[in-house]
Amino acid sequence: MGFTIVQKIIKNHLVSGQMTAGEEIGLRIDQTLTQDATGTMAYLQFEAMGTKRVKTELSVAYIDHNTLQAGFENADDHRYIQTVTKKHGIRFSRPGNGICHQVHLERFGVPGKTLIGSDSHTPTAGGIGMLGIGAGGLDVAVAMGGGAYYINMPKVIYVNLKGKLGAFVGAKDIILKVLEILGVKGGVGYVLEYGGEALKYLTVPQRATITNMGAELGATSSVFPSDELTRAFLHAQGREGDYVPLTADADAVYDKVIEIDLDTLVPLAACPHSPDNIKTVRELQGMKINQVCIGSCTNSSMLDMLTVAAMLKGKTVHPDVSLSISPGSKQVYSMLAECGALYDIINSGARVLECACGPCIGMGFSPNSGGVSLRTFNRNFLARSGTKDAEVYLVSPETAVASAIAGVFTDPTTLKNPPKVEVPSVFSINDNLIEMPADEAEADGIEVLRGPNIKPIPKGAVPDVNLDTKLILKVGDNITTDHIMPAGTKVLPYRSNVPKLSEFCFTVCDPDFPNRAKELGGGIILGGNNYGQGSSREHAALVPLYLGVKAVIAKSFARIHMANLINFGIAPMTLENEEDYDKLELLDDVYIENFRELIRTSDRLVLVNKRDNSRIPLKLSLSARQKEILLAGGTLNYTKNNGNV
């Protein structure tokens, strides 16, 4: 039996465990990336480990999230990251150089390599044939120190792409169709591997759009083969020497197969407030809109921008619509200026923003109250845009431009004369905003600069002998990390300051939660299915730890968030019987006898609700290594106790 692409990469990087689906494996990591909203914590954790120099082939720190400098906090964080990376052997991508996933694809991605990043959309690199996985900052810090990265061996879904995209139908519509088929939980425990006859028409930027939004499926990663189109992309970037052909064996066996016929695909939209709430654009035709945002790590490539410029040429954005455009990298931005496409964008009335995440994370350009915003981004979670009552739809660049001009939701396939876009065969290369680290001889003399907003990392504690506490929060299904730890202009500047950040924890769901948690001295949280979906932000575990949360009970967990909870010593337990969810109420007194010992010795625990003495069976399905991490009070303690990473 042959190997899939995923299995080939894992086999070449396996350092522990067996390649049996569901079993824990350890992987050697070739590359890491961080961004500034998660990077400060990752580097504080790396420093705490005492490792002087990164041991990966390549590690890059990007500044692309907290670029709005309304106070000293973000600038101080950037200065800290710039100095700590220079000292420890990490490249530094300066503000303005672009969004981490776009720049990494352009300048650093290598087929067949492994990459983990402290951003859930790290699987973007799968567009170039890498195995890219989103992870918590602590996992990235461990990998930079030479440690393995642990996941459960994934199953593989094969997505067979047939046919060819029609005019005005984009790669975004492909991944929205996958989301319609599988849903936001359908990828949990899987890697999606794409193939089929349509691949010969899909460029690396189009593939990267698809792999980027695999994160919204809950998938571990997504990957395309490395083929002649991959070689052409690397050639355009002056990196053809990095090309490695990589395909699945002809007799590879997959756990599941889905098929999409691109000949029949139509423009789609993800409706509020979930990426899998899919309708055709034709169903929404004529709905009045207020705002359009084009860009983000999902749709900001040169191909996307040239398509947008061609559709805007000679047109004017509707007077009732505000249109923003964010090129994904300095390379894209400068080439748009060089070829004249930027002129067409500006002349249309679009507002050109810097090469950063910006509106995608609620960092500026929030919609008006009750506004309808069309975005080429990857998430439309409630309040993520910065406006809680906004209605956010996810669409392709083609749909976004057509609608921005018309002032209403518009199916672009109803338009005439589709744009003819030719992407240059050779790109403009200028890495002047990527700073190289100091060599080892100079590193000791580098001073790491820390601003007053950078506070110490909360430390986990050994679990209680008996867990005797209260249920301090009860929430429903599909709770995202944006619910737990919001983004946006008011919150993101405090990503290095957990005490201040705690004031915002879960306030989207319950404004009283932070005060209640502090007054009660912590407790446990009850959630529904897919608890913790979305971003890789470990702050969604760090801040509850600071507030005294000792355990989270849910019907099921999202992969990255569950790993983050374990990393910080918070026990993630699942209900053995989902109907027991209704037996627990806010502020119930609850008890688990022999809690610490049961973590060590069993996968089953029993929660007693003191209100009615009901007994609720729980599962704690962890590997032996994860149990040891919990018993140590988190990964930092575990690492120190074992004397290595």
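Amide H contacts of V372: N290, Q291, E391, each under 5 Å away and 5 or more positions distant or on a separate chain (H built 1.01 Å from N in the peptide plane; Pro and chain starts excluded).
Helix content alone sets the calculated 222 nm mean residue ellipticity of the chain: runs of n ≥ 4 DSSP H residues at -39500 (n - 2.57) each, divided across all residues, give -8000 deg cm²/dmol. Note on E597 and T316: the model spin-label points, each 7 Å out from Cα along the C-beta direction, lie 7.9 nm apart. A simple packing score, the average count of other Cβ atoms within 10 Å per residue, orders the peptides 205-213, 305-313, 428-436 as 205-213, 305-313, 428-436, with the highest score first.
How high is the FRET efficiency between A337 and S614 when r is their beta carbon distance and R₀ equals 60 Å, given to the nearest 0.05?
Numbers: r = 66 Å, r/R0 = 1.10.
Given R0 = 60 Å and the Cβ-Cβ separation, E is 0.35.
Determine the distance separating the Cα centre of the range 54-90 from the Cα centre of the range 536-554; give it in Å without decimals. If you average the Cα positions of each part, the centres end up 24 Å apart.
Could you tell me the calculated FRET efficiency between R351 and R625, based on Cβ-Cβ distance and R0 = 51 angstrom, to the nearest 0.05? Walk me through the intermediate numbers first.
Working: r = 49 Å, r/R0 = 0.97.
Approximately 0.55, to the nearest 0.05.
With 30 Å as the limit on Cα-Cα distance, the pairs of K8/K330; K490/K640; K470/K619; K155/K474; K555/K610 that go past it are K8/K330; K490/K640; K155/K474. Give, as ranges by residue number, the residues of the range 490-507 whose backbone N falls under 18 Å from the point 7 Å along Cα→Cβ of N515. It comes to 500-507, nothing else. Sorted on the mean count of surrounding Cβ atoms within 10 Å across their residues, most packed first, peptides 285-297, 444-456, 115-127 read 115-127, 285-297, 444-456. Angle, helix 397-406 long axis vs. longest principal axis of the chain, Cα atoms, 0 to 90°, nearest 10? Once rounded, one gets 70 degrees. When only alpha carbons of the range 5-264 are considered, Rg and Dmax amount to 18.2, 57 Å.
Label separation (D589 vs E422): 7.8 nm, computed from points 7 Å beyond Cα along the C-beta direction.
Against the 2.2 N^0.38 Å scaling, with N counting residues, where does the chain land? I'd like the Cα-based Rg ratio to two decimal places. If you can, show how the numbers build up before the last one.
On the way: Rg = 23.6 Å, N = 645, 2.2 N^0.38 = 25.7 Å.
My calculation over the Cα atoms of the chain gives 0.92.
Once you have a ≥ b ≥ c as the square roots of the Cα gyration tensor eigenvalues for the range 467-642, tell me rounded if a/c is under 1.5, and otherwise prolate or oblate according to whether a/b is larger than b/c. Working shown, then result.
Details: a/c = 1.61, a/b = 1.19, b/c = 1.36.
It comes out oblate by the Cα gyration axes.
No lab work stands behind these numbers, since they all come straight from the coordinates. Not measured: the values here are computed from a predicted model. No Cβ is skipped: glycine too gets one built from the backbone with ideal geometry, and neighbour counts run over all protein chains shown.
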